[in-house]
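First up is the structure itself, then whatever we jot down about it.
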């Protein structure tokens, strides 16, 4: 039994001073790196926007009548002036004919009154009639003139009403679901109207930005610059459309400290839909000749007792890293500009930084192994080629338990 216990103990692996990472506790740590370089970086303002049509019109009838026919198809793209529906025109054709008859009758009366007026003027000169009769005739002529003007107004009203029996598209856009069916009696007071029309090409997005950015944007607009706006989906990963800033609101919302802006998009493929929520990136400016590195290289902590942004700077000579404080500038997606603390050509750690400390050894990807990357031999340990007195290799159990 004692021999068996000694044999099991011999089979246990010998504890060595190994490390974190693949090569042991004190060995190098595999990391990913990137090289800082000079380039251009965009100054963008992110925001959440709502897609809003340039024109939203509830198409209504302007007269009362029976809906005789509907010409549009739900979801159809219509042009301004296209006929959408037809109201029974017969009552309005009759009214127009009546107004035309009234006008002709009163025009005849006016002509007769003017002839009498001309005769009365001659008789007054001959002193055949009293002057009062002449004045009465003049008043009658003026009365008929006023009646004709009223008739002409009623005639125009009848003509307009007849035109209104054809309901046309007030703008170019896409019609929605119809709100009334053929055969119904419609009036101008109907709440839902006939159909809702939205102008989708072009279309706009309204979004709000913090008031701190208003001055920079207003300065660029006043200088005549065209500011680019990008619209992304809810995940902020897929770009939907490119547009331009159209206008800036004239006041700041004091409850939120933001100001609204409107951007316009061509929307040729109709990818933007009314009331859709989108992520917006407003391009304010482009900074040139900046030191740029990946945003993943930035660490936040207090390596020297003061909370600051820092990176792990790679020393390629001995493959170690050092903590290097940096001052960050503009962030553009996965890239960030470094205002101070880094120069073009510096190599920084982008992956595996959680396992690093100041002065730690690293293993660079696709690099040949170095002396610093080999595990250190512990003092007093036998070389790998040296055999033990029992003839076995190091860390290898004997062929049989010792007696």
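Rule-based calculations on the coordinates, nothing more; no lab input. Keep in mind it's a predicted model, so treat the numbers as computed, not measured. As a convention, Cβ positions derive from the backbone with ideal geometry for all residues, glycine included, and neighbour counts pool all protein chains shown.
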Sorted from fewest to most neighbouring beta carbons within 10 Å, what does the list 103, 177 look like? 177, 103
By count of other Cβ within 10 Å, fewest leading, how are 273, 72 ordered? 273, 72
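How big is the equivalent ellipsoid of the stretch 254-359 along its three axes, where each semi-axis is √(5λ) from the Cα gyration tensor, reported in whole Å from largest to smallest?
That gives 38, 17, 14 Å for the three semi-axes.
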Please arrange 77, 282 by counting, for each residue, the other beta carbons lying within 10 Å of its beta carbon, fewest first. 77, 282
Using only the alpha carbons of the stretch 89-164, what is the convex hull's orientation-averaged projected area in square nanometres? 4.8
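Rank by packing, highest mean first: peptides 39-52, 217-230, with packing defined as the count of other Cβ atoms within 10 Å averaged across residues.
The packing order, highest mean first, is 39-52, 217-230.
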